[in-house]
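The values are calculated or read from the model by the stated rules, or taken from the named source; none is laboratory data. Please read all numbers here as calculations on a predicted model, not as lab measurements. We place every Cβ from the backbone using ideal geometry, glycine too, and count neighbours over all the protein chains shown.
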Amino acid sequence: MPESTLQNENKSAIGSPADAGETTGGRAKLASLYERYRDHTLTTPVEVVGFWVAIALPFLYVPLLFTGISSNAELLTFVGLLALNVAALLAGHDHKRE
């Protein structure tokens, strides 16, 4: 690939001005959705529950890991607990951040 082609690709971080407008519009829409989420009445209870579930779930891993994962059912349970913990972390990450 010629050097001039590489230089042209590196100089255009966004692309065209139309792409820049789409990016700005997308950020504005995300900001608007986030504000609606923050103002919703269920946001605080979901964050509280998610936060405390994310704290409590690792205690359920201990018996599973202590006895060892020897069957498919135990493996499925462990993976399910991990997935639930990730979901709880995402739901409760903003609890008491202010």
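Considering the chain, the qualifying helices (runs of 4 or more DSSP H), each wholly inside and each with 2 or more residues that are at pLDDT 90 or above, run over 43-56, 58-67, 72-92. On the stretch given as the stretch 58-74, residues that are more than 14 Å from residue 85 (Cβ to Cβ) and of a type in the set (Val, Ile, Thr) total 2.
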